[in-house]
1. What's the magnitude of the charge dipole for the range 9-60 around its Cα centre, counting Lys and Arg as +1 and Asp and Glu as -1 at the beta-carbon? Answer in Debye, nearest 20.
2. Can you list the HN-Hα couplings for the range 48-53, worked out from phi with the Karplus curve (6.51, -1.76, 1.60; θ = phi - 60°), rounded to whole Hz and with x for Gly and Pro?
3. What residues qualify as long-range amide H neighbours of R42, i.e. H under 5 Å apart, gap of 5 or more or another chain, H built at 1.01 Å from N?
4. Go through G60, L7, V44 and say which Cα lies farthest out towards the positive end of the charge dipole of the chain; charges sit on Cβ, +1 for Lys and Arg, -1 for Asp and Glu.
5. Whose amide H sits under 5 Å from the amide H of V11, counting only residues 5 or more places off or on another chain, with H placed in the peptide plane?
6. Against the 2.2 N^0.38 Å scaling, with N counting residues, where does the chain land? I'd like the Cα-based Rg ratio to two decimal places.
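Every number here is computed from the coordinates shown, using simple stated rules; none is lab data. For clarity, every value in this text was computed on a predicted model and none was experimentally measured. Cβ atoms come from the backbone with ideal geometry, glycine included; neighbour counts cover every protein chain shown.
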Amino acid sequence: MEKIFNLGDIVIMKKPHACGENNWKIVRVGVDIKIKCMNCGREVMMDRLEFMKKLKKVLGEENEEKKY
Ligand SMILES: [Zn+2]
């Protein structure tokens, strides 16, 4: 199943960040995908394939599922 994601979407990964947060915002989409932890703001960059493997769920745009 192909997961659709867009720049600015909030996503949940299979593994939470070290800080305990598991909501990430997509801040860059290209050859590499960059996501930002919604709790601590740490950015993680990975290639598309790795991102698709680690991606669990796309929540959509930030305003739909805003936590903070
Ligand atoms: Zn974090």
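1. Around 140 debye, computed over the range 9-60.
2. For the range 48-53, the Karplus-derived couplings read 3, 4, 5, 4, 4, 5 Hz, x marking Gly and Pro.
3. C37
4. Most positive-ward Cα: V44.
5. HN-HN under 5 Å from V11: W24, K25, I26, L59.
6. So the chain has a normalised radius of gyration of 0.98.
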